[in-house]
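Okay, structure first, notes after.
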């Protein structure tokens, strides 16, 4: 079972951002993860800022660890959004591992 979140409903025009606007989406993701479902994030028709992606995915990685990425599916991402997702995920996974390895 999965939960689909269509990001265009959070967009202003074609853009989702800034960082604070990620909080309600992240809350939805948290609820779905707590229920044990996979979460599909549909980026159809929208672009996202790096601060939005960090507020969404970066915070989840810092809270739940890199394994949270295995429960997230990123759908219909532009090349720019893919690049931002890869950058944020790598950066936050690295940060998580540095603070949780003793």
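Values quoted throughout were computed directly from the atomic coordinates according to the rules given, and no laboratory measurement underlies them. Remember, predicted model here, so these are calculated numbers, not experimental data. No Cβ is skipped: glycine too gets one built from the backbone with ideal geometry, and neighbour counts run over all protein chains shown.
Residues 56, 85, 97, 33, arranged from fewest to most other Cβ atoms within 10 angstrom of their Cβ, appear as 97, 33, 85, 56.
Counting only DSSP H runs of at least 4 residues, each contributing -39500 (n - 2.57), and dividing by the residue count of the chain, the helix-based mean residue ellipticity at 222 nm comes to -13500 deg cm²/dmol. Express the Stokes-Einstein translational diffusion coefficient of the chain in µm² s⁻¹, to the nearest whole number, given a Kirkwood radius over alpha-carbon pairs, 20 °C and a viscosity of 1.002 mPa s. Once the numbers are plugged in, D ends up at 158 µm²/s.
Of all DSSP beta bridges confined to the chain, the antiparallel ones make up roughly 10%. Applying 0.36 nm per residue to the separation of residue 75 and residue 38 and subtracting their alpha-carbon distance, the gain on full extension is 12.0 nm. Ranked for footprinting exposure by Cβ neighbours inside 10 Å, fewest first, 74, 52, 87 give 87, 74, 52.
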